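See structure below.
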Amino acid sequence: MSEEKKLASNEYLKIESNYLRGTLAEGLANTSTGGLTEDEQQLLKFHGCYQQDDRDLRANRRKHKLEKAYSFLIRIRVPGGVATPKQWIEMDRLSTEFANHTIKLTTRQAFQLHGVIKTQLKRTIKEINDAAMDTIAACGDVNRNVMCNPNPHQSEVHAEVLKMSEDLSAHLTPRTGAYHEIWLDGEKVVDSKDEEEPIYGKTYLPRKFKIAVAVPPSNDVDIHANDLSFVAIVEEGKLVGYNIAVGGGMGMTHGVVETYPRLADIIGFVTPDKVLDAAEKVVMVQRDFGDRTNRKHARLKYTIDDRGADWFTEKLNEYLGYDIEPARDFVFDDNGDRFGWVEDANGNSHFTLFVEGGRVVDKDGYDLRTGLRKIAEIHTGDFRLTANQNLQIANVSPEQRPKVQALMDEYKMADSVHRSGLRLNSIACVSLPTCGLALAEAERYLPTAVSEIEEVIEACGLRHDAITIRMTGCPNGCGRPFLSEIAFVGRAPGKYNLYLGGGHAGDRLNKLYREAITRDEIIPTLKPLIEDYAKNRTEGEKFGDFVIRAGYIKATVNGKDFHLNLPAQAAL
Ligand code: SRM
Ligand code: SF4
């Protein structure tokens, strides 16, 4: 990157923050406002929180000249998505006492609490830590929650892979004492010169950094949306190592062609003993070569596109001091979850439950939150958050299974897995009313949109066909929309860009099919394609593949690969 360019303002903030302290403690103590300063908000992210305001209330509060209805989102890291029943009960309690009575299961296997007010923030974070969970590095320019395929039924391999994800998470957690000082009343570091961030350094990373670990044939963690992924290679039932994938990512800005989603490159293979070293060095290469002048061009995907995947691999080898091996073969089948009961070789059972939009709430006669709390109170296994915002009640012993089943029946949870293949494969990001970046509804609207599309699907006899559908309120891509077969990406209130043709295994980006369509235009636009698919698909052909073969989406336009940011296909 050009040295003459001015660094992004966040870079100065990080340098001057004294390892992420800044004036956060003072800002939290200031009771004259429910919010924090802009700089404090930026630093707060490294501690796992975002300042937000209820957007449903904005206009009214403005009219009455009131400060925005500020509250905070707390993101709780759950490496590999595994939580104990005790931790679940604590999340449930904290969500009632301090948040908006819901628990949000995120697309990165973490918990979120929304609506925590400033004066309760410290106490909530302290109590989260008391439950042996934390929020440090859940957000900010550091490595985030490490994702891992949660299925424990291939017991040995999964146990090894999960352990590796937890080790990775611990290895890449910032070392700063600021978190303990600010939230847990830890002892103050007398001289911050004594402090060190051996991996990150004083300015941490140029931008957020994300890691996932996949166990083929499942790509449930969507490796192509991550800066770095490890794909487990299992030969003759044994884990022999991992392929390394780098440079995936989703976020883009409408109309700005320099920003785009990107699939990761698979650059090689390492044995399990080298994983931590490889991850650390990938992070360090990005630390040293990522663009610190422009935050919209600062993710690893742009470092790799600017310099090439071969350059990146060479640099990685140089940092490692040895060459990574050539990548090994693997196949992904899909990026969804497998619902219902699965039994493992040890006789334990695991139930994957569909949680619409990842929102655990008692609503409209479906008391999901209460039901899960009741299960947590008797459960002797664990809970596993999936990367698709669903929940696995895992490691249920044969003796416990009838009791868990009875509670699932009582609270109507077992029915959740009998929804259509479309709904079971849906993801919606949070969007309104809490997300400050939302341009249109997502979590609150996708269930209705799916119900309408389901009518067409049912009439065509496709109820049991798995079709991935994702909706986000803006193009930042929190629901990984660009990797689904059908995607709606918010443009403006009530308007969405429609993307089609993503790979069913999350291995091909979709393409823009129609721009800024209204809710009323969704069915007339999709219906003919779904009917055509039902009549003319070949054996086993997926919807995402069909729309390309049938010519609705072209692989190239005017001889060039179709760009996700160009005007809609139909307009060309
Ligand atoms: Fe995200 C920003 C929610 C997964 C890309 N994301 C946000 C913020 C914090 C908005 C903000 O900055 O003010 C959203 C908070 C909304 C709210 O009220 O909760 C938000 N992101 C989410 C979650 C909760 C969506 C969900 O419904 O589950 C997910 C939390 C994951 C976690 O536990 O850590 C979430 N975000 C993702 C993913 C998917 C993934 O990582 O697998 C992506 C796309 C992958 C990627 O990073 O490329 C994603 N979020 C973004 C971006 C765009 C980043 C970029 O490179 O351009 C932003 C905006 C930004 O960073 O400037 C963003
Ligand atoms: Fe907010 Fe956009 Fe992310 Fe949805 S995709 S949560 S609207 S930032």
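The values are calculated or read from the model by the stated rules, or taken from the named source; none is laboratory data. Because the structure is predicted, anything quoted here is derived from the model rather than measured. FYI the Cβ positions are ideal-geometry reconstructions off the backbone, even for glycines, and counts take in every protein chain you see.
Any idea which of Arg55, Arg62, Arg108 is without any contact (Cβ under 8 Å) to a residue 12 or more places away in the chain and either surrounded by 15 or more Cβ atoms within 10 Å (Cβ to Cβ) or out of contact with any helix residue (DSSP H, G or I) (no Cβ under 9 Å at 6 or more places or on another chain) (or both)?
That would be Arg62, the only listed residue that is without any contact (Cβ under 8 Å) to a residue 12 or more places away in the chain and either surrounded by 15 or more Cβ atoms within 10 Å (Cβ to Cβ) or out of contact with any helix residue (DSSP H, G or I) (no Cβ under 9 Å at 6 or more places or on another chain) (or both).
So how many residues does the range 261-283 have that are in a helix (DSSP H, G or I), crowded, with 19+ Cβ neighbours inside 10 Å and either β-branched (Val, Ile, Thr) or out of contact with any Leu (no Cβ under 9 Å at 6 or more places or on another chain) (or both)?
3
Among the residues of the range 329-362, write down those that are under 25 Å from Arg480 (Cβ atoms) and part of a strand (DSSP E or B).
Asp334, Gly340, Val342, His350, Phe351, Thr352, Leu353, Arg359, Val360
Report yes if some residue within the range 30-47 is part of a strand (DSSP E or B) and within 16 Å of ligand 2 (Cβ to nearest atom); otherwise report no.
The answer is no, given that none of the residues of the range 30-47 is part of a strand (DSSP E or B) and within 16 Å of ligand 2 (Cβ to nearest atom).
Which numbered condition trips up Arg359, out of (1) surrounded by fewer than 19 Cβ atoms within 10 Å (Cβ to Cβ); (2) at pLDDT 95 or above?
Here Arg359 meets the rest and fails (1).
Do we have Ala428 as in contact with a helix residue (DSSP H, G or I) (Cβ under 8 Å, 6 or more places away or on another chain), within 21 Å of Glu521 (Cβ to Cβ), within 16 Å of ligand 2 (Cβ to nearest atom) and without any contact (Cβ under 8 Å) to a residue 24 or more places away in the chain here?
Answer is no for this residue.
Based on this model, can you work out whether Met133 counts as buried (at least 23 other Cβ atoms within 10 Å of the Cβ) and among the aliphatic types (A, V, I, L, M)?
No.
How many residues, within the range 190-225, are within 20 Å of Val157 (Cβ to Cβ), assigned to a loop (DSSP other than H, G, I, E, B) and polar (S, T, N, Q)?
1
Given the conditions (1) surrounded by fewer than 19 Cβ atoms within 10 Å (Cβ to Cβ); (2) over 23 Å from Arg108 (Cα atoms); (3) within 13 Å of ligand 1 (Cβ to nearest atom); (4) at pLDDT 95 or above, and given that Asp291 satisfies all but one, which numbered condition is not satisfied?
Against the list (1) surrounded by fewer than 19 Cβ atoms within 10 Å (Cβ to Cβ); (2) over 23 Å from Arg108 (Cα atoms); (3) within 13 Å of ligand 1 (Cβ to nearest atom); (4) at pLDDT 95 or above, Asp291 comes up short only on (1).
When you scan the range 136-147, how many residues do you find that are of a type outside the set (A, V, I, L, M, F, W, C), assigned to a loop (DSSP other than H, G, I, E, B) and surrounded by 24 or more Cβ atoms within 10 Å (Cβ to Cβ)?
Residues flagged as of a type outside the set (A, V, I, L, M, F, W, C), assigned to a loop (DSSP other than H, G, I, E, B) and surrounded by 24 or more Cβ atoms within 10 Å (Cβ to Cβ) within the range 136-147 amount to 3.
Being surrounded by fewer than 24 Cβ atoms within 10 Å (Cβ to Cβ) and either modelled with pLDDT under 95 or of a type outside the set (S, T, N, Q) (or both): is that true of Asp167 here?
Yes; evaluated as a whole, the condition is true for this residue.
Run Leu239 past the list (1) without any contact (Cβ under 8 Å) to a residue 40 or more places away in the chain; (2) in a strand (DSSP E or B) and report the number of the one that doesn't hold.
(1)
Give me a count of the residues in the range 391-400 that are of a type outside the set (Val, Ile, Thr) and either part of a strand (DSSP E or B) or farther than 20 Å from Gly347 by Cα (or both).
Result for the range 391-400: 4.
Mind checking which residues of the range 28-52 are surrounded by fewer than 19 Cβ atoms within 10 Å (Cβ to Cβ) and either basic (Lys, Arg) or over 17 Å from Ile74 (Cα atoms) (or both)?
Ala29, Asn30, Thr31, Ser32, Thr33, Thr37, Glu38, Asp39
Could you check the range 65-81 and list, in sequence order, the residues that are on the phi < 0 side of the Ramachandran plot, surrounded by 14 or more Cβ atoms within 10 Å (Cβ to Cβ) and not basic (Lys, Arg)?
Across the range 65-81, the qualifying residues are Ala69, Tyr70, Ser71, Phe72, Leu73, Ile74, Ile76, Val78, Pro79.
Yes or no: Arg292 touching a strand residue (DSSP E or B) at 6+ places or on another chain (Cβ under 7 Å) and assigned to a loop (DSSP other than H, G, I, E, B)?
Criteria not met by Arg292.
From the list Tyr19, Tyr50, which one is over 25 Å from the mean Cα position of the chain (by Cα) and in contact (Cβ under 8 Å) with a residue 60 or more places away in the chain?
Result: Tyr19 is the single residue among Tyr19, Tyr50 that is over 25 Å from the mean Cα position of the chain (by Cα) and in contact (Cβ under 8 Å) with a residue 60 or more places away in the chain.
Could you grab me the full set of residues in the range 294-310 that are within 16 Å of ligand 1 (Cβ to nearest atom), basic (Lys, Arg) and surrounded by fewer than 22 Cβ atoms within 10 Å (Cβ to Cβ)?
Arg295, Lys296
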